[in-house]
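One structure is given below, encoded as structure tokens.
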Amino acid sequence: MIKNYPSDEFSENTLLGICLLDSKNAAEILVSLTENDFYAADLKNRSVFRAMKTLYDAGTAIDVTTVTNQLTNTKELTKVGGVDYLMKLARCVTTFQNVDFYIKNVKEQTLLRNLLVEINRIETDYNNKEIKDVNAFVADCESRINKITENRRVSDFISTKEAARIVGEKIQTSHGVEGSITGISTGFEKLDGIINGLNKNELVILAARPSVGKSALALNIAYNAAARTGRPVALFSLEMSTDMILKRLFASQSSIGFDYIQKGILSKNDRLKLKEVENDLASIPLYIDDNSGSSIDDIVLKSRKLKESRGDLALIIVDYIGLINDPKNIYKDNEQAKVSFFSRRLKMLAGELACPVLCLSQLNRQTEGRENKRPQLSDLRSSGAIEQDADKVLFLYRPQYYKNQGISLGGAKDKNKNEDEPPKLNATAEISDDRKSDIVDVIIAKNRSGRTGSTGLCFMPAYGRFFTPQNEDLLRNPGQMPGSNYSDKFKDADSND
């Protein structure tokens, strides 16, 4: 006996009747639906639809006679009620209009039915299987349900007659000003000017070689987005602990060296300044998850819960895609397939929650061997998948990163560099080095909705802080960059309000 799951028998019967009487509408029905969409009449309608679809695929006309013959061949004619049942279906048709309405009704019942079936399966798994990890079980359940609900919309073409009026009205009623952006500001005016900020539904990739500054820039953007919008920003850190992230934010916002904060080498004024920063950080809606074992399902689930509890999100940041966990080892032998799956889910998450997702990524080592070390799209790990899903791809290029490692920008090791000597970092125990700054080129390699290009930022590694240069000449001649008087030459991103 068939379980009493929901169905719309009237819509099913009408659609099958139309297929018997009208070849034009039959094609649309048979292409739009599958046999699993038919559930009423103890699955009789499923058998009838399957027979019709077989005839359609073979190029055979569909009518009462041909469907009868097909059901006879498959030994199903008696089961469905014979020719009388087919004639009953034909009599259900009162008009050939509203086919789309009937298809929509049937699809909705399929969605509801599949959802209830999956819920029952989940309950069965809960009752019969050992649950070793509750979070993993919940994430798996949500993933199974998501696969069903992703198909909840039946889309169709929209004519330009309708679309032009809708979009035209939006254009006429919009009142922007020069230099304004539609998305969330990164806090860096020139970068915003190129990418138009971080917009809803967008997946934005920020990539660089290790230690170039991508995590620091992501933290700067996270702070700016939370402080300026007053809306929640979710930061998934799969590499750094919350303690480390907060210390970096303290350094960035106080202009006190991270190394000093780590070691506790602080003056009385430093401690007072850090107390002010503490109050400032406590007031912004930045939410950090530092679970290094987070799976893509964890990220999706926690983002949804944050939106439900705190309201619309301004931004989601994932640091970084290569560290997202694959708990079931589905993709253990195929890194490209794994990254492809993760990037697609993040893109879908951006659309579902109507907020931008900023995801960090590593670059391949092949950049090290090239004479020109400026990153390009092919340098992305599993570049095909990420490049396809991303709306924007940003690269960071910091020449000083290579110089610190004794690598000339021509590709060879510095001959005067001692191979055993560790690289010199800008953040040391000396005050003079604390104020050193590097020029970082932000390369917009892909921008689905705008122009590409590049812009320069000033990076102070000791603070993990980025600045917008006031003096354009410094970008062309970084050797002119000052030491202790940096504040005369650079503009804090936070002062752009």
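When +1 charges are put on Lys and Arg Cβ atoms and -1 charges on Asp and Glu Cβ atoms, the dipole computed for region 13-80 relative to its Cα centre reaches about 180 debye. Once neighbouring chains are kept in place and the probe is 1.4 Å, which whole percent of the accessible area of region 190-305 is contributed by carbon and sulfur? Taking all protein chains in place, region 190-305 shows 49 percent carbon and sulfur surface.
Shape class of region 245-387 from the alpha-carbon gyration tensor: oblate, with a/c at 1.5 or above and b/c at least as large as a/b. For region 322-375, carbon and sulfur atoms together expose 44% of the accessible surface, with a 1.4 angstrom probe and every protein chain in place. Ranked by the mean number of other Cβ atoms within 10 Å of their residues, highest first, the peptides 277-283, 139-145 come out as 139-145, 277-283. If you model region 1-104 as an ellipsoid using its alpha carbon gyration tensor, with each semi-axis the square root of five times an eigenvalue, the axes come out at 18, 17, 13 Å, biggest first. Put simply, when 55-68, 4-17 are sorted by average Cβ atoms within 10 angstrom per residue, most first, you get 4-17, 55-68. Based on protein heavy atoms only, region 256-306 ends up with 54 Å² per residue of surface accessible to a 1.4 Å probe.
Residues whose amide H comes within less than 5 Å of that of K446, counting only those at least five positions distant or on another chain, are V393 (H built at 1.01 Å from N in the peptide plane). Solvent-accessible area assigned to carbon and sulfur over region 21-81 amounts to 51 percent, based on a 1.4 Å probe. Most tightly packed first, judged by the mean number of other beta-carbon atoms within 10 Å of their residues, the peptides 83-95, 244-256 read 244-256, 83-95. Over what distance in Å are the Cα centres of region 1-45 and region 208-254 separated? A separation of 54 Å, based on Cα centres.
Its relative contact order, with pairs defined as Cα atoms under 8 Å and 6+ residues apart, puts region 34-149 at 22 percent. With the biggest extent put first, the Cα atoms of region 65-122 measure 42, 32, 14 Å across the principal axes. Note on region 296-380: along the principal axes its Cα atoms extend 50, 30, 16 Å, ordered by decreasing extent.
The values are calculated or read from the model by the stated rules, or taken from the named source; none is laboratory data. Every value quoted in this text rests on a predicted model; they were computed, and no experiment measured them. Every residue, glycine as well, gets a Cβ built from its backbone with ideal geometry; the counts of neighbours run over all protein chains shown. Ligands, DNA and RNA are stripped out before the accessible areas are found, and what is left, the full protein with its side chains, is counted by its heavy atoms. Shrake-Rupley method; radii C 1.70, N 1.55, O 1.52, S 1.80 Å.
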